[in-house]
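This report concerns only the one structure given below.
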Amino acid sequence: MNRKNKWIIYGIGLSLLLGGCMDNGTKEAAGPYKDTFVRVQDYKGEEYVLRNGEDADKIAEENSDEVQKAVKAFFLEKYKTDVKVHNIVGNKDGATVFVESTGPVHFYTTAIVPIDLSDKKVLEDRITSLEGEIESAIQGGLYHLIFEDEFHNLDQYLGEIVSEYAVVGKTKESLQNVGGAGYMTPYYYLSTPPEDKAIQPVYEAYLNNPETSVNELKSLFSKADFVAEDYNFTIQLYMESENEEPDEELFTKIQQDIKSMNSIPKGNYSVIINDNLINEKVDDGIKDNSLQLTFPDSIVKK
């Protein structure tokens, strides 16, 4: 299996975990939640649900302190990283816990805490995650850390776009409560393959010593093994007004700008502009009228 196919499979798996109630992102495919759309400016992720998670959600809520303590210990022991817990959502067999790192290596991710539904017991010694998800999230945070100037340029550009055009990003609260997709800002998120050779030495150094300097971490990044197509930036904006269709002129402009910019992080860029509404149950704003430039037509910056 080649690297590209492995990355696509990983991305699908992450989507299934974080969007358990949505089939393909359209209103028609949202099943019982097809009408649960709200203004993106009002969306904080508080109504998010996972399929068949009602029973586990109640048990997790009753044992919230225990779940939080166990998850924090899990990240500290296995990944040498302090996290804060923002949200706990029941899933079919337990609880999906949304966390944010607290250190300079910044990312959002999830852990899965199994629950014995018959005994109503939290199995805190069996915490796990979707394969490669946490590793990928940390690697994305490390990529941001060692190329901070380039990320600043991307952030500045998108900040100017939001200032000049009638579009907005997601709220910070929604990223905290249901983001879980690695390095994220209100305007984009970064996905990396969990076994990427270019950043693996950086990741290993971080796990050995989280206090390793940024300069040393940067020196360990293997440019010879870097594949831009594997570092996926998804820029996703929403129309500011509730009754506006996605702006095709802006959609074209952003693509042209990304193609011409040489000071932003190297990677594979997708661009999505949605209307103003997002499905509050499944954390998805992509609908039939969304404008999308995605794989295999995305923009590769090498």
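Values quoted throughout were computed directly from the atomic coordinates according to the rules given, and no laboratory measurement underlies them. Note that the structure is a prediction, hence the values are computed from the model and not measured. A quick note on method: Cβ atoms are made from the backbone with ideal geometry, for glycine too, and the neighbour counts reach across all protein chains shown.
Remarks
- Residue of 175, 76, 217 that the Gaussian network model of the chain assigns the largest fluctuation, springs spanning Cα pairs under 10 Å: 76
- Using Cβ point charges alone (K and R +1, D and E -1), the dipole size of the chain about the Cα centre works out to roughly 860 debye.
- Chain lengthening between residue 259 and residue 197 when straightened (0.36 nm per residue, less Cα-Cα): 19.7 nm
- Computed extension length for residue 93-residue 229: 45.5 nm, one decimal, from 0.36 nm per residue of separation with the Cα-Cα distance subtracted.
- When the chain is described by a simple charge dipole with +1 on each Lys and Arg Cβ and -1 on each Asp and Glu Cβ, the residue from 291, 186, 112 located farthest towards its positive end is 112.
- Model label sites at residue 51 and residue 156, defined 7 Å from Cα along the beta-carbon direction, differ in position by 4.5 nm.
- Mean separation of Cα contacts under 8 Å (6+ apart) over length of the chain, as relative contact order %: 21 percent
- Positive-end extreme of charge dipole, the chain - chosen from 38, 209, 232 (charges on Cβ): 209
- Backbone N under 12 Å from the residue 78 label point (7 Å along Cα→Cβ), restricted to the stretch 100-116: 110-114
- Shape of the chain, Cα gyration tensor, a/c cut at 1.5: oblate
- Most positive-pole-ward Cα, 73, 60, 167, against dipole of the chain from beta carbon charges: 73
- Residue separation of residue 116 and residue 245 scaled by 0.36 nm, minus their Cα-Cα distance, works out to 41.8 nm of gained length.
- For the chain, adding -39500 (n - 2.57) for each run of n ≥ 4 DSSP H residues and dividing by the number of residues yields -11000 deg cm²/dmol at 222 nm.
- By average C-beta atoms within 10 angstrom, highest first, the peptides 133-142, 91-100: 133-142, 91-100
- Protection proxy ranking, peptides 262-270, 237-245, average beta carbon neighbours within 10 Å, highest first: 262-270, 237-245
- Sorted peptide list for 165-173, 62-70, criterion being average Cβ within 10 angstrom, highest first: 165-173, 62-70
- GNM flexibility winner over the chain from 232, 209, 279 (Cα, springs under 10 Å): 209
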